[in-house]
Amino acid sequence: DGADPDWEYAPLRIPAEVSRVSAAAQLSLHAEFGGWELARVVRFVDGSRRVTLRRMRRNTAVPLPGLST
């Protein structure tokens, strides 16, 4: 991951005690407001997850909805 210059990547670590529903809600917020999409999920024996998000590189920063810059 991270080798493609057209994409930027963000690794996340989700602890085992975070429920699947809570993890999905967190990832949905990243997708809706940050433009991220799910690139990869690895689940470990201890129940934790390593998630990699990706999005197309942007030339300019896009502010969150409702916030002025």
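Where a number appears in this text, it was derived from the coordinates with a stated rule and is not lab data. Just so it is clear, the model here is predicted, and its values are computed rather than measured. In this analysis, Cβ positions are derived from the backbone assuming ideal geometry, glycine residues included, and neighbour counts consider all displayed protein chains.
With 0.36 nm allotted per residue and the present C-alpha distance subtracted, the residue 55-residue 25 stretch has 9.0 nm of extension available.
Listed values for region 36-49 are Karplus-derived 3J(HN,Hα) couplings in whole Hz (6.51 cos²θ - 1.76 cosθ + 1.60, θ = phi - 60°), namely 7, 10, 6, 9, 6, 10, 10, 9, 9, 4, 6, x, 6, 10, and x replaces Gly and Pro. Within the shell defined by Cβ-Cβ distances under 12 Å, the residues around residue 13 carry a net charge of +2, with Lys and Arg each +1 and Asp and Glu each -1.
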